[in-house]
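Chemist: The structure follows.
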Amino acid sequence: MSVLKIGVVEDELIIARTILSTLDELGYAHCGPAINYTEAMEMLDKNKPDLLLLDIQLSGKKDGIDIAEKLNGSYHLPFIFLTANSDGETIDRAKKVKPHAYIVKPFTKEELFAAIEIAFSNFTGSRDPAKPYRAGPDREKEYMFVRDGYVFRKISFSELTYLESDANYVTLHLLSQKKIMVRSTLNDFIAQLDLRTFIRVHRSYSVNIHHIEDVSPTEVSVGGVRIPIGKSYRDDLLKALGISEI
């Protein structure tokens, strides 16, 4: 799954900027903020977010609950209420439109992250929390972000030496000797990388060609680690390295 785009509906701009900054830190894309019902509808139609963070109290005659009613009637979209109000009357109104989560301000980055992931997972029935996110749409970026616990960690391609697959998990081996495990198939993960730099050498391994130290008929050495070369990948590897024969 690609990175989630989160729409923000919040009429207090200082709070809105804080939310957008937090979404950046968590690695989500975002749109908004919309400050009222009309702007929220325009954002939904123009930017097509995957999930909405929705303040209940908004400027104008229609509030966040009115937007939620419209979401339920016309849009197939999960939403999370953000509010400073936790009184019984507000909660009773909110329950009627069945929000996918309800967060009382102020909230932490971890609380926001958990609410977004759980809400989207419950809404769609699936959510891979470790899918790598390439910052921005530019395919020539020299880094990616992968989730490591509660944070998205920036990984430069130059420090990524090789990938090791085990079923639905991929271990990233870094120059620093640090290892980061993400939930993904090797094929899906490689699709996020520069294929001119990372090459598959085995059904369970992909290597950064800039870190290859030597090549034998059956193995390649990367950072002192001997990695097997699968027969079906051998010719492509030798071609990429400009080697005609071993």
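Chemist: Grab region 5-124 and count how many Lys pairs have their alpha-carbon atoms under 22 Å apart, sequence gap of 8 or more, or different chains.
Modeler: So the count works out to 25.
Chemist: A follow-up question, please. Once you have a ≥ b ≥ c as the square roots of the Cα gyration tensor eigenvalues for the chain, tell me rounded if a/c is under 1.5, and otherwise prolate or oblate according to whether a/b is larger than b/c.
Modeler: Verdict is prolate for the chain.
Chemist: Suppose R0 equals 41 Å; then what is the FRET efficiency for residue 61 and residue 118 from their Cβ-Cβ distance, rounded to the nearest 0.05?
Modeler: Approximately 0.80, to the nearest 0.05.
Chemist: About the Cα centre, and with charges only on the beta carbon of Lys, Arg (+1) and Asp, Glu (-1), how big is the dipole of the chain? Nearest 20 debye, please.
Modeler: It works out to roughly 460 debye.
Chemist: Okay, next question. With labels modelled as points extended 7 Å from the Cα through the Cβ direction, what inter-label distance (nm, one decimal) is found for residue 204 paired with residue 153?
Modeler: 2.2
Chemist: A follow-up question, please. Of all DSSP beta bridges in the chain, what percent run antiparallel (nearest 5)?
Modeler: Details: 32 of 48 bridges.
Roughly 65 percent of the beta bridges in the chain run antiparallel, per DSSP.
Chemist: If only Cα atoms are counted, what is the Rg of region 148-246, and what is its Dmax, in Å?
Modeler: Radius of gyration, then largest Cα-Cα span, for region 148-246: 13.2, 47 Å.
Chemist: If you take the beta carbon distance between residue 45 and residue 104 as r and set R0 to 35 Å, what does 1/(1 + (r/R0)^6) give as a FRET efficiency, to the nearest 0.05? Show your work: numbers first, answer last.
Modeler: Working: r = 29 Å, r/R0 = 0.84.
Step by step, r from the Cβ atoms, then E = 0.75.
Chemist: Using packing as a proxy for protection, rank 190-200, 74-84 so that the peptide with the highest average count of other Cβ atoms within 10 Å comes first.
Modeler: 74-84, 190-200
Chemist: Here's a follow-up. Using the charge dipole of the chain (Lys, Arg: +1 at Cβ; Asp, Glu: -1 at Cβ; taken about the Cα centre), state which of 172, 58, 156 has its Cα farthest towards the positive end.
Modeler: 172
Chemist: Which whole-number percent of Cα pairs in region 5-124 have a distance greater than 18 Å?
Modeler: The calculated P(r) of region 5-124 puts 44 percent of pairs beyond 18 Å.
Bear in mind these aren't lab numbers, they're just calculated from the coordinates by the rules spelled out. Since the structure is predicted, the reported quantities are computational estimates derived from the model, not experimental observations. For neighbour counting, all protein chains shown are included, and Cβ atoms are generated from backbone atoms with ideal geometry for every residue, glycine included.
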